[in-house]
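Notes follow the structure.
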Amino acid sequence: MIDLRRDTTTLPDDRMRARAFQAVLGDSVYGEDPAQTELEELAAQILGKEAAIYLPSGTMGNLTAVLVHTRRGGEVILEENAHIRTSETGGAAAVAGLMLRTVHGPGGVPAPEEIEAVIRSENIHYPRTSLVCLESTHYRYGGIVPSLEAMESVRILADRRGIPIHLDGARIWNAAVALSVAPEKIAGYADSVMASLSKGLGAPVGSVLAGREDFISEARRYRKMLGGGMRQTGWLCACGVEALQPGRMEQIRRDHRNARLLAEGLLHRLAQIPDIVLDLKQVQTNFVLLHVGDRYGNAREVVDRFARRGVLATAAGAGTIRFVTCSVVEEEEITAAVETIGEVFEE
Ligand SMILES: *Cc1c(COP(=O)(O)O)cnc(C)c1O
């Protein structure tokens with residue numbers, strides 16, 4: 001099977017496992033686990049923030065950030081297809097008691113005018129605009145990377161209106177590689193940032209949330225409240241430390257090259273097949289979106305046909321198929337997948 005479904009299928013390699021088993025453990029809830037402390041300090045440094053905390057998931061990281069930045073009944077402005085709205089079980093509403101106000105941002109980040117148009121004025125009838133959330137890379141739009149200019153223009157607006165920004169940077173590593181900048185450059189446009197260790201970087205569990213010292217001490221309380229105060233996390237955090245070693249970015253670069261190879265291969269192989277659209281401009285990181293016409297059935301049916309021939313992908317919408325590259329796929333498998341997919345469309 002060639003698995004192009006997700007980048008959460010990555011497994012810890014031998015180096016990571018060795019570091020995990022050598023980790024000195026302690027009770028993290030009391031700040032006594034050296035590996036967790038090391039990971040949190042390293043993450044803060046890499047993300048250019050005063051402090052960071054380790055959490056069991058990105059979903060908990062985003063929810064924790066949202067809880068710290070807001071009060072119940074407030075309103076959060078975010079891009080309409082943001083992961084926080086579409087894929088985090090409604091936690092911002094159910095747990096944090098917030099209203100979500102969505103704006104469209106096909107480039108991943110909404111234009112400042114669009115955001116400004118929905119910022120609430122002071123009026124007893126209105127919820128207060130409490131937070132703007134951004135996302136990089138943008139998941140639903142195929143891992144596209146919002147430009148630094150777009151992020152900066154939202155930062156300028158947020159400063160002018162006194163509204164904090166949280167960045168869902170689950171794949172900030174991919175964004176940094178794509179833009180050839182350090183992750184802290186991207187995180188610098190936000191007050192807080194969540195980043196995943198368990199996707200392309202290959203750690204088995206966890207995410208980090210970084211921000212100012214006072215923000216993080218509040219976040220520590222909410223992490224505990226949400227059940228994220230784990231004890232001997234050292235085994236997991238040692239994997240996180242290994243995931244953040246500079247050499248690991250090479251894997252992210254390889255993933256991007258493989259996605260590009262897949263996209264170009266498919267464009268070439270499927271050139272004579274009608275009703276198929278692949279936009280190379282979307283292929284900026286480790287995702288490839290393939291849009292297939294009705295004549296092939298819905299995306300789920302097409303994905304099932306791929307799977308019967310040994311290529312796994314995800315149905316990401318009625319006519320959209322998503323391929324994601326990560327360390328579980330090698331370059332030779334990309335070439336083989338292209339051929340298999342070509343055969344399926346010729347059936
Ligand atoms: C995966 C992901 C998350 C959530 O991370 P989990 O660890 O799966 O909870 C949040 N935002 C984006 C953009 C993601 O891709």
State which residue pairs qualify: first residue among the basic types (Lys, Arg) and inside segment 194-206, second residue within 7 Å of the ligand (Cβ to nearest atom) in any location, beta carbons under 6 Å apart, and separation of 6 or more residues or different chains. 199/8
For segment 128-179: of the residues being of a type in the set (Ser, Thr, Tyr) and away from the ligand (no atom under 16 Å from the Cβ), which is farthest from residue 72 (Cα to Cα)? 147
Given segment 271-347, what strands (runs of 3 or more DSSP E) lie entirely inside it while holding 2 or more residues that are surrounded by fewer than 13 Cβ atoms within 10 Å (Cβ to Cβ)? none
If you go through segment 242-262 one residue at a time, do you hit one that is among the β-branched types (Val, Ile, Thr), touching an Asp or Glu at 6+ places or on another chain (Cβ under 7 Å) and buried (at least 21 other Cβ atoms within 10 Å of the Cβ)? no
Wholly within segment 1-112, helices (runs of 4 or more DSSP H) carrying at least 1 residues that are under 24 Å from residue 165 (Cβ atoms) and either free of Cβ contacts under 8 Å to residues at least 12 places away in the same chain or not basic (Lys, Arg) (or both): 34-47, 58-69, 83-86, 91-94
Subset of segment 279-315 (residues that are in contact with a Gly (Cβ under 8 Å, 6 or more places away or on another chain) and among the small types (Gly, Ala, Ser)): 293, 299
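In contact (Cβ under 8 Å) with a residue 12 or more places away in the chain, in contact with a helix residue (DSSP H, G or I) (Cβ under 7 Å, 6 or more places away or on another chain) and either more than 22 Å from residue 258 (Cβ to Cβ) or away from the ligand (no atom under 15 Å from the Cβ) (or both): is that true of residue 210 in this structure? Even if it seems obvious, please write down each step before you answer.
Numbers: in contact (Cβ under 8 Å) with a residue 12 or more places away in the chain: yes; in contact with a helix residue (DSSP H, G or I) (Cβ under 7 Å, 6 or more places away or on another chain): yes; either more than 22 Å from residue 258 (Cβ to Cβ) or away from the ligand (no atom under 15 Å from the Cβ) (or both): yes.
In short, yes.
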Taking the condition buried (at least 24 other Cβ atoms within 10 Å of the Cβ), more than 16 Å from the ligand (Cβ to nearest atom) and either at pLDDT below 95 or not small (Gly, Ala, Ser) (or both), does residue 115 pass? yes
Just to be sure I understand the filter: pairs with C-beta atoms under 7 Å, separated by 6 or more residues or on different chains, first member in segment 122-149 and among the acidic types (Asp, Glu), second member assigned to a loop (DSSP other than H, G, I, E, B) and surrounded by 24 or more Cβ atoms within 10 Å (Cβ to Cβ). Which pairs pass? 135/82; 135/108
Which numbered condition in (1) within 12 Å of the ligand (Cβ to nearest atom); (2) at pLDDT below 95 is the only one that residue 82 fails? (2)
Kindly establish whether residue 130 is over 11 Å from the mean Cα position of the chain (by Cα), farther than 21 Å from residue 48 by Cα, hydroxyl-bearing (Ser, Thr, Tyr) and part of a strand (DSSP E or B). yes
Among the residues in segment 137-154, are any under 15 Å from residue 52 (Cβ atoms) and small (Gly, Ala, Ser)? no
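The values are calculated or read from the model by the stated rules, or taken from the named source; none is laboratory data. Keep in mind that what you see is a predicted model, and the values were worked out from it rather than measured. Neighbour counts run over all protein chains shown; Cβ positions are idealised from the backbone, glycine included.
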